[in-house]
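Okay, so here's the structure we're looking at.
The values are calculated or read from the model by the stated rules, or taken from the named source; none is laboratory data. This is a predicted model, so every value here is computed, not measured. Don't worry about glycine lacking a Cβ; one is built from the backbone with ideal geometry, like all the others, and counts go over all protein chains shown.
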Amino acid sequence: MSTTVTRSKSIDQQSPSEDAAASQEEGTARPSKDVIFELLKVRRRRLVLLYLDENDGVASVGTLAEHVGALENDKSEQALSSDERKRVYIALYQCHLPKMDDAGVIDYDQARGTVELTGAADCLFPYLDIDPVADATDTGGTLESVARMCRSALNALPTQP
């Protein structure tokens with residue numbers, strides 16, 4: 001007589017999609033740690049979250065593309081070329097915003113081109129709430145060392161579109 005033992009995967013062994021599905025089945029709105037880190041590993045998604053947080057949680061895809069494009073190209077939004085703006089817009093529209101919507105941290109209405117933060121996004125902000133100026137100056141750092149630290153932190157971030 002043989003018996004089959006079925007063991008469920010631990011949270012750490014689940015893929016992000018399995019984990020998100022499990023969270024939805026349980027009725028929880030908080031994404032798993034794997035999903036959180038998957039979302040935050042791309043700089044464009046972090047910039048979208050920060051922009052929405054600082055602007056009442058709502059924006060159009062065009063506004064987000066201009067803001068993110070300006071930061072990526074170290075220009076003002078008015079100085080962006082149409083190609084620079086379009087490159088960011090397409091990546092947000094086709095890839096990043098749908099992924100964030102699937103994770104439940106934004107409501108993305110692709111037809112209307114609008115994006116809105118959801119309550120589930122709250123769990124992401126502790127990972128984004130880092131103030132390198134305060135951290136460096138609290139330990140006696142100079143403004144020059146703060147700038148150097150910020151540049152190295154930005155250079156270390158992934159630049160995936």
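Give me the helices (runs of 4 or more DSSP H) completely within region 1-111, filtered to those with at least 2 residues that are of a type in the set (S, T, N, Q) and modelled with pLDDT under 95, ordered by residue number.
Ranges flagged: 16-26.
Among the residues that make up region 82-91, is at least one of them aromatic (Phe, Trp, Tyr) and over 20 Å from residue 113 (Cβ atoms)?
no
Might you check whether a residue that is in contact with a strand residue (DSSP E or B) (Cβ under 9 Å, 6 or more places away or on another chain), among the hydrophobic types (A, V, I, L, M, F, W, C) and free of Cβ contacts under 8 Å to residues at least 60 places away in the same chain occurs anywhere in region 61-69?
Looking through region 61-69, at least one residue is in contact with a strand residue (DSSP E or B) (Cβ under 9 Å, 6 or more places away or on another chain), among the hydrophobic types (A, V, I, L, M, F, W, C) and free of Cβ contacts under 8 Å to residues at least 60 places away in the same chain.
Within region 58-88, track down each residue that is under 20 Å from residue 104 (Cα atoms) and crowded, with 17+ Cβ neighbours inside 10 Å.
59, 61, 64
I'm trying to understand the selection: among the residues of region 100-132, which are surrounded by 17 or more Cβ atoms within 10 Å (Cβ to Cβ), in contact (Cβ under 8 Å) with a residue 60 or more places away in the chain and touching a helix residue (DSSP H, G or I) at 6+ places or on another chain (Cβ under 7 Å)?
Result: 100, 103, 104, 105, 115, 117, 121, 124.
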